[in-house]
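Beneath this line is the structure, given in structure tokens, with notes to follow.
The values are calculated or read from the model by the stated rules, or taken from the named source; none is laboratory data. Computed from a prediction, not measured in an experiment: that's the story for all the values here. All Cβ positions, even for glycine, are placed from backbone atoms using ideal geometry, and neighbour counts span all protein chains on display.
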């Protein structure tokens, strides 16, 4: 009988590591674009801050990915996921706002989440309780402008500028206020270089 040959045992080969998922920010490409690398670096800064429980810093970095790199859609889904985590941890600070400052903060969180209605409620209450709170008025004008309520937004913005001249500079370049800059009264207020009434009240009296 012919001898049967023993099958030689072949050395085990290590299987290569599976590639990262297609939507991973670390996905390798043949020629990474500089914008992609910058977006990933900013994304990782946000994630690192989140892991350190610095939610405000993490939120700022992650939102910058969305605003500065709109073409990097592969990152956006993950960015929004982590932004929701940041908002959940920051929200308890304004869960039951009672002061104008707390309501302005709650409105900011609502705006970051894309909830104009909630932001509008907080800002209307804040400006009602503190009629001279220029920041609340400025934000209220911005929300009204985004809702195309130009007629209601114009006097609110003019009052915010009257109370604080710094709002004039902000309003000149704020993209959310573009509809209001078509109004003649707003244009006049933005072109004026005279101090506002609020500034004149703070001026020292001459002896």
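Being part of a helix (DSSP H, G or I), outside the structural domain of residue 180 (by TED's automatic domain parsing) and more than 27 Å from residue 172 (Cβ to Cβ) is the requirement here; does residue 50 meet it? Yes. Before we move on, is residue 173 within 15 Å of residue 101 (Cβ to Cβ) and either within 22 Å of the chain's Cα centre (by Cα) or modelled with pLDDT of 95 or more (or both)? So residue 173 does not fit the description; no. What number of residues within the stretch 95-130 satisfy the criterion of being farther than 23 Å from residue 47 by Cα and either assigned by TED's automatic domain parsing to the domain that holds residue 42 or outside any helix (DSSP H, G or I) (or both)? So the answer is 7. State yes or no: is residue 80 in contact with a helix residue (DSSP H, G or I) (Cβ under 9 Å, 6 or more places away or on another chain) and not assigned by TED's automatic domain parsing to the domain that holds residue 183? So residue 80 fits the description; yes.
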